[in-house]
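The values are calculated or read from the model by the stated rules, or taken from the named source; none is laboratory data. Remember, predicted model here, so these are calculated numbers, not experimental data. So basically every Cβ, Gly included, is an ideal-geometry build from the backbone, and we count neighbours across all protein chains shown. Protein only, heavy atoms only, side chains kept; ligands, DNA and RNA dropped before computing areas. Shrake-Rupley method; radii C 1.70, N 1.55, O 1.52, S 1.80 Å.
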Amino acid sequence: MYSAIARGAFARYREGMSISVPVLIRYVLALVAGLLLSLAYAPTNWGMLAWFFPAALFALLQSMSLVEGRRARLVNFGRGFLLAFVAGFGFWVRDVAFIGAVSQQGGWVSSGAMALYLALFFGLYGGWAVAFGRPPAMKPRVQPALMILKYAALHGLAWCSIEWLRGLGRLSFGWDSLGVSFMDSGFVIAQVADLVGVNGLSFIPVFGGVVLVMTIRAFHLEATHGYRRVHFEVFVAMLMVVLAFTYGSFRLKGLHTVETEPIRSLVIQQNVPVADSLDPAREYDIYSGYTSGLERAMEGIIDRAALQLEQTGEATLESPDLVVFPESALPIPIWRLSDGGLLPDQGYELFVNNDIRSQGDFLFISGVLEFPCHMVDGVPLHYAEGNIYNAMGFFSSDFKSYEHRPKNHLMPFGEYMPLSNLPLVQLAYEYSAGMVYGGDFTAASQFEPYQAEIRGHAYSIIPSVCYEDTVSSLTRKYLRPEPQVIVNVTNDGWFAGTVCAEKHYQNARYRAIEYRRPLVRAANTGVSAVVNLTGASVHPETLAPQELRNEAGECEIKGALEAVVSLPTQPIPTLYAVIGNMPCWGGGLVVLIWTVLGALKGKWFFLTREGE
């Protein structure tokens, strides 16, 4: 019965909006569109595909026939949901391939499950677009520009709000919104992120895609009935892009004149495989790799100064102000007593006091693992009950100066397991990861930046551990009205053999744009870099790249990165720092109110309506 109703409904509606596409082909096209969208991001950076995808998905959703009747709402929503879900799966299955890469067995199950979960958000948009956000039929010789612009705006707001929802909660995974694709293929427009955030940028391609599809349909209607009109909606869409480009150009020009203080930084990267970091037999090799890497880098600085002195008679010893080791740099933890004090004479103390401090006077930052212990008859008992932190450690002088900033946002399935108290969940983890589940890390709720000083000038450091650099709202909690630099320590060794290390870096660079704070990034495996206020990683004077790569552009290497951080002497205010994700959740609220009011009037589930 429903098929007969659908055929009749489709015949009535076709004149107004729909395009006939066979069902199977429609789903195949949706899957292909999702796969192509994944190429819009690093490392391929075919950014135009991010403009193509919203138009393609909207056109496919509009090609679906609708049903009438009591169950119309559920059926129409389900059809749109399933189509967009397929497109989302095609996109995410490549993006989360790293989960399969790190699993010892059954990895495809884990990555597939994650892709299916994230595809639900695409499905949510598709269900809304078909059941609620479907434009009305166009009337011949009636100007539809305002109607086109209204629905384009609603779809743009709906998409942005759903991307915002994807980044909420403990299961959040907010990277690779449509806006991220602008970083390397629309760098000027990417600067608009300091107004609306990276999720807000997604409004532009979605708005433009809906305008394009609906305008093409309007052209077809004009050709069929033999008339022409002015397409005001196209002008508005083009104006939006021009304004975004103009604003971006203005910002790029203005940021080059900001007064800054240089911070010389040194990042050590050892490219330690995950398996080696878990192998006790490799502890000494890892330990000596970092210490010798730092020693060689410092010797290189001294040798350059000596050569400069020999050639010119003058020399400047460009010793680093900041030395950064990545997350999980060393296999030795920091032990903390139950009274809050540090266990004396532990391995990390010897490492800092003997191997690090002997190399110079600088602020030393490293990713650390902090374990609890307590004393029994004067003997430290390790692995006592207590909090286990994945943290960033700060050492302004010797080990006693240690301060930590624990990780606030834990990686699901990596640092904590949802529902981990259930035996079935633990068995699933053991099957996927190839090891027994060892317990969760502890999430902190500490948002105080680390206070530092350079050549008499005070500034603060915003700590960021691992993929916290992709969580914009988390960085925002550390903002203070003072000079600040973001420091991220990460271990992208989990992404080995996939494109995800480049994707992680591409997403992280937006924090520098959104808040106009420079970013220092230290990766064990991945992209170690210094990123300036515009999201670019170039030297402030020579414009030489400030990324650690080999000649082939590969980032999975060993080495040291000497770079200059241009720290603004006064913080640069941004609208996004003030309002946060208000454009996304506020836009979602607008869409929700519009949807509820329309549903109460019963307007979205019958195809015979004419106009609005």
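Per the conditions (1) out of contact with any helix residue (DSSP H, G or I) (no Cβ under 8 Å at 6 or more places or on another chain); (2) closer than 26 Å to L294 by Cβ, the sole criterion not satisfied by H504 is (1). Checking each residue in region 228-268 for being under 18 Å from Y459 (Cβ atoms), among the charged types (D, E, K, R) and open to solvent by 50 Å² or more (accessible area, probe 1.4 Å) picks out E259, R264.
Please give the strands (runs of 3 or more DSSP E) falling wholly within region 328-402 in which 2 or more residues are within 24 Å of S460 (Cβ to Cβ) and of a type in the set (A, V, I, L, M).
363-376, 389-395
Looking at the structure I just gave you, is I301 closer than 30 Å to P483 by Cα, part of a strand (DSSP E or B) and open to solvent by less than 30 Å² (accessible area, probe 1.4 Å)? In short, no.
Of the residues examined, P481 is not one that is more than 19 Å from A42 (Cα to Cα) and in contact with a Ser or Thr (Cβ under 6 Å, 6 or more places away or on another chain).
If you go through region 441-466 and keep only what is part of a loop (DSSP other than H, G, I, E, B) and of a type outside the set (D, E), you end up with F441, T442, A443, A444, S445, Q446, F447, P449, R455, G456. Given the condition small (G, A, S), at pLDDT 95 or above and either open to solvent by less than 10 Å² (accessible area, probe 1.4 Å) or within 26 Å of G47 (Cα to Cα) (or both), answer yes or no: does some residue in region 164-173 qualify? Looking through region 164-173, none of the residues is small (G, A, S), at pLDDT 95 or above and either open to solvent by less than 10 Å² (accessible area, probe 1.4 Å) or within 26 Å of G47 (Cα to Cα) (or both).
Can you find even one residue in region 344-358 that is at pLDDT 85 or above and under 24 Å from W494 (Cα atoms)? No. Has region 313-323 got any residue that is more than 20 Å from A563 (Cα to Cα) and buried (at least 18 other Cβ atoms within 10 Å of the Cβ)? The answer is no; no qualifying residue exists.
Taking the condition of being surrounded by fewer than 20 Cβ atoms within 10 Å (Cβ to Cβ), in a loop (DSSP other than H, G, I, E, B) and on the phi < 0 side of the Ramachandran plot, how many residues in region 32-60 meet it? Result for region 32-60: 3. Close contacts from region 127-141, counting a first residue that is farther than 30 Å from G226 by Cα and open to solvent by 10 Å² or more (accessible area, probe 1.4 Å) and a second that is basic (K, R) and part of a helix (DSSP H, G or I), with Cβ to Cβ under 9 Å and a gap of 6+ residues or different chains, come to F132/R73.
Can you find even one residue in region 196-207 that is in contact with a Phe, Trp or Tyr (Cβ under 6 Å, 6 or more places away or on another chain), farther than 30 Å from V485 by Cα and of a type outside the set (S, T, Y)? Yes. Would you confirm whether or not region 15-23 contains a residue that is within 30 Å of F187 (Cβ to Cβ), open to solvent by 60 Å² or more (accessible area, probe 1.4 Å), modelled with pLDDT of 50 or more and within 35 Å of the chain's Cα centre (by Cα)? No: zero hits.
L157 fulfils the conditions (1) open to solvent by less than 10 Å² (accessible area, probe 1.4 Å); (2) at pLDDT 90 or above except for a single criterion, (1). Take the conditions (1) in contact with a Leu (Cβ under 8 Å, 6 or more places away or on another chain); (2) free of Cβ contacts under 8 Å to residues at least 40 places away in the same chain; (3) more than 26 Å from N199 (Cα to Cα); E547 misses just one of them, which is (3).
Could you grab me the full set of residues in region 420-465 that are modelled with pLDDT of 90 or more and open to solvent by less than 20 Å² (accessible area, probe 1.4 Å)? Selection gives P449, Y450, A452, Y459, S460, I461, I462, P463, S464, V465.
Considering region 467-535, the qualifying strands (runs of 3 or more DSSP E), each wholly inside and each with 2 or more residues that are β-branched (V, I, T) and surrounded by 24 or more Cβ atoms within 10 Å (Cβ to Cβ), run over 484-490, 529-531.
For E541, the conditions (1) farther than 24 Å from G293 by Cβ; (2) among the charged types (D, E, K, R); (3) assigned to a strand (DSSP E or B) all hold with the exception of (3). A single entry from L363, L330, L337, L343 fulfils the requirement of being closer than 17 Å to Y402 by Cα, touching a Ser or Thr at 6+ places or on another chain (Cβ under 7 Å) and open to solvent by less than 40 Å² (accessible area, probe 1.4 Å): L363. For region 343-397, taking the residues that are of a type in the set (S, T, Y) and more than 33 Å from the chain's Cα centre (by Cα), the one that is farthest from I486 (Cα to Cα) is identified as Y383.
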